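Please read the structure below before turning to the comments.
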Amino acid sequence: MDSSSRPLVYLVLGAPGSGRRAVLCDLLTDGLSPGGRPLTGLADTEEASEWEGRVGRVGRWTWGGGGFTLEVPGLARGETADFTHLFIVTDGRRDPVDQIESFRDWLRGRPADLARIITVV
């Protein structure tokens, strides 16, 4: 997988009720180029909401043993992702520093590039 076909990863931080999913919907609706194929990773502790149907494909990540776990087809070595953008919404009730550090470790060595960290307040 060359660097031009590597998915872009966005980490979305913010407290519950801050409007993280509304901002994400705006980004997905108006911010992606035509042909963009997003995948959204929500914490398994996030309650379902009306926004979920508007953010496209959704996967759930878990926190266990002090770390972030998200199984994403296409992000193992030698695989090709079927998405162009991955938006990971952090758990607004968990320590953001712990989540960022664990996310960094998770992303390290995967065929994807961190594009932005977005904070919604």
Can you work out the accessible area per residue across the chain, with the rest of the protein chains kept in place, probe 1.4 Å, in square angstrom? 55 Å²
With +1 at each Lys and Arg Cβ and -1 at each Asp and Glu Cβ, the charge dipole magnitude of the chain around its Cα centre, to the nearest 20 debye, comes out at 200 debye
Mind checking Rg over Rh on segment 15-75, alpha carbons, Kirkwood formula for Rh? 0.98
Taking all protein chains as present, what is the carbon and sulfur share of the accessible area of the chain, in % to the nearest whole number, probe 1.4 Å? 50 percent
Return the equivalent ellipsoid semi-axes of the chain as a descending list in whole Å, where each equals the square root of 5 times an eigenvalue of the C-alpha gyration tensor. 21, 18, 12
With label points set 7 Å from each Cα along the Cα-to-Cβ direction at T119 and V97, the distance between them in nm comes to 1.3 nm
Residue among T84, V23, G59 farthest towards the positive dipole end of segment 3-93, charges placed on Cβ: T84
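The values are calculated or read from the model by the stated rules, or taken from the named source; none is laboratory data. All values reported here derive from a predicted model rather than from experimental measurement. Neighbour counts run over all protein chains shown; Cβ positions are idealised from the backbone, glycine included. Areas reflect the complete protein model, heavy atoms only, side chains present, ligands, DNA and RNA absent. Shrake-Rupley method; radii C 1.70, N 1.55, O 1.52, S 1.80 Å.
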